[in-house]
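Have a look at the structure below before the remarks.
Read-outs throughout are calculated quantities, based only on the coordinates presented, and are distinct from any laboratory measurement. Treat the numbers as computed from the prediction; the structure is a model and nothing was measured. Cβ sites come from the backbone with ideal geometry, for glycine too, and all protein chains shown count toward neighbours.
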Amino acid sequence: THEHFDAIVVGAGPSGNAAAYTMAQRGLKVLQIERGEYAGSKNVQGAILYSDALEKIIPDFRDEAPLERHVIEQRIWMMDDAGHTGMHHRSDDYNEDRPNRYTIIRAQFDKWFNRCVREIGVTVLFETTVTSLITDENKRVIGVQTDRDGNGIFADVVVLAEGVNGLVGQRSGLRRELRPEDVALAVKEMHFLPQEVIDARFNLKGEEGVVIEAMGTITDGMVGTAFLYTNRESISVGVGCLVSEFAKSGEATPHGILDRFKNHPSIKALLEGSEIKEYAAHLIPEGGFRAVPELVGDGWIVVGDAGHFVNAVHREGSNLAMTTGRLAGEVVANILGSCMTCTRDNLQTYVRQLEDSFVMKDMKKYKNVPRMLEQGGRHIMDLYPRLLNRSAQTWFRVDGKDKKSKESDILRSARQARGLTGLLGDAFKLARAWR
Ligand code: FAD
C-alpha cells in the first residue's frame, strides 16, 4: 500500500506555496514537490510583491518576510535612443503602516514562504521532479510519477503549480504546447551598490523604493519592455521580449537588448560603479486571456503561471499566482471537507470564483492587447516613442519659434510619420484593446 495524500502540489513558487498553505491550514494532508534544491532556487530575480494577495494568506507577513523596499514612486518611460519622456508618480502616502507594494528578492522570498508552508504542516520534497500524472481507467488523475519514487505517489487531487512551461500538464495531454507569440523571454541582472548610493541616486530615504518600467527603441522594434527596481543594496535591471519576436528578428539576443538598456543614457548613470552578481533568464506568460488553458479536470487543477495568469500590461504575476493558488486551495478544501470528490464539475467552483475576482476580470479587460501588439507592435515600440521624444524636444527647446508654430510642427511630424488614417486607426485599436 502507498501513502495517500489529500492533495499533491507540483511546484513551490508563489502559486504552489499559496495553494499548499491554504489547504494545510484547512486541515488537509498535503505533499508539495519541487524540483529545485529549495523553493526559489530556480527563481533568482528581484521583483515587485503586491501585499494584498499575500495578506489574504498570511496577514502579518510583514513581521517576517524578507522584504527589500516599499515602493513610493513609479516611473513609466517611453525611450528613444537619446533619452526618455515619461510619467512619474510619487507620493508620501505610500509611506504607510502597511505598504501596498514591495521590492523583494525572489530566491529569499520563496524560501521564506515555503518555510511557512512547512511550518503549517505540509510535507515538501525537494530535488524531485514530477515527470507525469497517474490516471485511472476513467482518465481521472489519481497521483504523480516522480524521478525518484518508481511507484508513484497518490492523492485525491493534483494542483499543477509548475510555472509557465506547464510540461507536466502538456505531457499528460491536459494542455497544448506554448506558442512563441504567447511567451516573453526575460533576462535580468542584479547590480549591487551601497544603500546610501541608491538612496542618493533615486532620492530615497529609509526603506523607500522606486520602480521604472520602460519601453521604446531599446527593444529594437520588438514587442517588449524593460524594468529597473531598487532593492535595499542592489538594483534589479531586466528586459523581456516575446519569443516570437526574437525568432522574427533572427539576430537580436536578450543579452544584447539588456546591454542596450543598461548603456542607455537615461539608465547608465543610475548603475554606474555597480557590481553585477547574478544573471538569470526566465519565461513570462504574456498571451493573456486567450492563452489560458483548461483549468480543471477530474482530479486536477491549474494555478499561477501554469494557468497563464499574468497581467503583462500592469506587470502583475506573483499576485495572480498567489490569488489563484489560494482560491484553488479553498475550493479543494471545501470539496474534500464535505466528503465529495474533486471531479471536474466540483472543481468548476474555482473557475467561477476566478471569474468573480480581479484575476479573470483583468485578464478579460486586456484580452485584445496581445493581438494589438502582434499587429501594431513595431509602431508602438519604435515609431511612437521616437515621435513622443521628438515632440517633447520641439516643445521644450526655447529657440525663438512661437508656440503655435511648434504645435503645428508636432502635428505635422506625427502625420508624416504615420499618416492621418494610420494615427486614427492606431488610436482606435488602442482604445479597443484597453476597454
Ligand atoms: P513559478 O514561480 O515559476 O514556480 C514554479 C515552480 O515549480 C518552480 O519552483 C519550479 O522549479 C517548479 N517546477 C516546475 N516543474 C516542476 C516539476 N515537474 N516537478 C517539480 N517542480 C517543478 N511578477 C510580479 O508580480 N511582479 C514582478 O515584478 C515580476 N517580475 C518578473 C520578472 C521576471 C524577469 C519574470 C520572469 C517574471 C516576473 N514576474 C513578476 C512574474 C512572476 O515571477 C510569476 O508570475 C510567478 O513567479 C508565478 O508563480 P508560480 O508559482 O505560478 O510559478
Relative packing of peptides 161-170, 205-214, 305-314, 422-431 - highest average C-beta neighbours within 10 Å first | 305-314, 161-170, 205-214, 422-431
The helix 14-25 Cα axis meets the longest alpha-carbon principal axis of the chain at an angle in degrees, between 0 and 90 and rounded to 10, of 40
Each label point is 7 Å from the Cα along the Cα-to-Cβ direction; what then is the distance between the points at residue 375 and residue 428, in nm?
-> 0.9
So which of 42/365; 56/361; 29/139; 188/406; 56/364 end up more than 29 Å apart, counting from Cα to Cα?
-> 42/365; 188/406
Acute angle (nearest 10 degrees) that the helix 344-356 long axis makes with the longest principal axis of the chain, alpha-carbon atoms = 30
Note the full-extension length gain between residue 395 and residue 93 as 0.36 nm times their separation in residues minus their Cα-Cα distance, in nm to one decimal.
-> 105.5 nm
Compute the long axis of helix 369-378 from its Cα atoms, compare it with the longest principal axis of the Cα atoms of the chain, and write down the angle in degrees, 0 to 90, nearest 10.
-> 40
Would you look at the GNM of the chain, springs on alpha carbons closer than 10 Å, and say which of 152, 419, 325 moves the most?
-> 419
Using a Förster distance of 41 Å, how high is the FRET efficiency between residue 278 and residue 352, based on the Cβ-Cβ distance and rounded to 0.05?
-> 0.50
Put a dot 7 Å past each Cα toward the Cβ at residue 255 and residue 118; how far apart are the dots in nm?
-> 3.5
In Å and whole numbers, how far do the C-alpha atoms of the stretch 28-112 stretch along each principal axis, longest first?
-> 54, 33, 19
What ranking of 48, 276 emerges when the number of other C-beta atoms within 10 Å of each C-beta is taken as an exposure proxy, fewest first?
-> 276, 48
Classify the stretch 163-242 as rounded, prolate or oblate, taking a ≥ b ≥ c as the square roots of the eigenvalues of its Cα gyration tensor: rounded when a/c is under 1.5, otherwise prolate if a/b is larger than b/c and oblate if not.
-> prolate
Charge dipole (debye, nearest 20) of the chain; +1 at Cβ of Lys and Arg, -1 at Cβ of Asp and Glu | 1680
Pick from 333, 39, 280: which residue has the top mean-square fluctuation in a GNM of the chain where Cα pairs under 10 Å get a spring?
-> 280
What is the local net charge at residue 307, summed over the other residues whose Cβ is closer than 10 Å to its Cβ (Lys, Arg +1; Asp, Glu -1)?
-> -1
Candidates 355, 189, 407, ranked by Gaussian network fluctuation over the chain, Cα under 10 Å, top entry = 407
Computed log₁₀ I(q)/I(0) - Debye formula, equal Cα scatterers, no solvent, the chain, q 0.07 Å⁻¹ = -0.38
What are the semi-axes of the equivalent ellipsoid for the stretch 273-417, taken as the square roots of 5 times the Cα gyration tensor eigenvalues, largest first, in whole Å?
-> 48, 18, 13
Step through the residues of the stretch 166-175 one at a time and calculate ³J(HN,Hα) from phi using the Karplus curve (6.51 cos²θ - 1.76 cosθ + 1.60, θ = phi - 60°), rounding each to whole Hz and writing x for Gly and Pro.
-> x, 5, 5, x, 5, 4, 8, x, 8, 7
Distance between the stretch 1-58 and the stretch 336-385 - C-alpha centres, whole angstrom = 21
